[in-house]
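The numbers here are math on the coordinates, done by the rules we state, and not lab data. The structure displayed is predicted, hence computed values, not measured ones. Cβ: placed from backbone, ideal geometry, glycine included. Neighbour counts: every protein chain shown.
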Amino acid sequence: MNYQPELIGGHMALDLVNTVAWRLDDRRRVDRLADPGNLRKWLAATGLESSARATAVRSAAKDSLMQCRETAYAVLHPLAVGEEPRAADLAVLRELIEDAVRTASLVSARPLSWQADSIVDRVRLSVWRFFEDEDLNRLRQCGDDGGCGWLFLDRSKNGSRRWCSSADCGNRARARRHYQRHQAGASA
Ligand SMILES: [Zn+2]
């Protein structure tokens, strides 16, 4: 199917994590970054690389992006479902943050503002700043029970967002409830 990146996470760090579709379903899981064309689409959608100069991303960069993504996910997933991250995963995140600090330049002191050049460095910087700047109490996992597993920041006022996309997972859940009601009605 033709991949169209959906940036629903509310932050680039989450949109990176969400480049794995159906993460919680072993049979359906798809890594969008594995395909060079899809990787380019994602980079263009996030503004990390303009489509005009969509040169091939070196496979080393691709591997680093995937590594960065899994480092972030290993800590974000437990936080999203109300659990504590494992110490080993925090240690790997610490290394990512060290790399981010080392490769970024400080462009302003008030407010403290960072900038990085290469795609991988910019993504690392983004992941670090996500943990530093965002309210992780608002971090959620999509409520889909079919294995979606996407993460997002619930920025709604009353904290009521349940789905990665109400048009997608939300709709499927509504359809399933509708079907179950009718099944229950038919057997009654
Ligand atoms: Zn979902």
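Pick out, in residue order, every one of the trypsin sites (Lys or Arg not before Pro) in the range 135-188 that is DSSP loop and has at most 14 other C-beta atoms within 10 Å; say none if there are none.
Those that pass, being in a loop and sparsely packed, are R155, K157.
What is the set of long-range amide H partners of W114 at a cut-off below 5 Å, with H atoms built 1.01 Å from backbone N?
Here the answer is V107, since their amide H atoms fall under 5 Å of that of W114.
Would you compute, from DSSP H runs of 4+ residues alone, the mean residue ellipticity of the chain at 222 nm, taking -39500 (n - 2.57) per run and dividing by the full residue count, rounded to the nearest 500?
One gets -15000 deg cm²/dmol as the mean residue ellipticity at 222 nm.
Residue by residue, what Karplus-based ³J(HN,Hα) values in Hz, rounded to whole numbers, does the range 157-173 have, using 6.51, -1.76 and 1.60 with θ = phi - 60° and x for Gly and Pro?
4, 9, x, 10, 6, 10, 10, 4, 9, 5, 6, 10, 5, x, 5, 5, 5
With charges set only on the Cβ (+1 for Lys and Arg, -1 for Asp and Glu), what does the dipole of the range 71-188 come to about its Cα centre, in debye to the nearest 20?
740
Let's see if you can work this out: charge +1 on each Lys and Arg Cβ, -1 on each Asp and Glu Cβ, no other charges. What is the dipole magnitude of the range 1-157 about its Cα centre, in debye to the nearest 20?
The dipole of the range 1-157 has a size of about 440 debye.
Using the Karplus equation 6.51 cos²θ - 1.76 cosθ + 1.60 (θ = phi - 60°), what ³J(HN,Hα) coupling, rounded to whole Hz, does each residue of the range 123-139 give in order, writing x for Gly and Pro?
Those phi angles translate into 5, 4, 4, 5, 5, 4, 5, 4, 5, 7, 9, 9, 7, 6, 5, 8, 6 Hz.
Along the range 58-72, what does the Karplus equation 6.51 cos²θ - 1.76 cosθ + 1.60 (θ = phi - 60°) give for ³J(HN,Hα), rounded to whole Hz, x for Gly and Pro?
With coefficients 6.51, -1.76 and 1.60, one gets 4, 5, 4, 5, 4, 4, 5, 5, 5, 5, 4, 4, 6, 4, 5 Hz.
What percent does the relative contact order of the chain come to when contacts are Cα pairs within less than 8 Å and at least six residues apart?
Computed over the chain, the figure is 23 percent.
I'd like to know which of I97, S160, M12 lies farthest towards the positive end of the charge dipole of the chain, counting +1 on Cβ of Lys and Arg and -1 on Cβ of Asp and Glu.
S160
What is the helix-to-structure angle for 87-103, meaning the angle in degrees between its Cα long axis and the longest Cα principal axis of the chain, kept from 0 to 90 and rounded to the nearest 10?
Tilt of helix 87-103: around 40 degrees.
Sort 111-118, 72-79 by the packing proxy (mean of other Cβ within 10 Å over each peptide's residues), most packed first.
Put in order of decreasing packing, that is 72-79, 111-118.
Could you give the size of the charge dipole of the range 119-166 about its Cα centre, using +1 on the Cβ of each K and R and -1 on the Cβ of each D and E, expressed in debye and rounded to the nearest 20?
Computed charge dipole of the range 119-166: roughly 140 debye.
Name the shape class, rounded, prolate or oblate, that the alpha-carbon gyration tensor gives for the range 1-113, where a ≥ b ≥ c are the square roots of its eigenvalues, rounded holds for a/c under 1.5, and otherwise prolate holds if a/b is larger than b/c and oblate otherwise.
oblate
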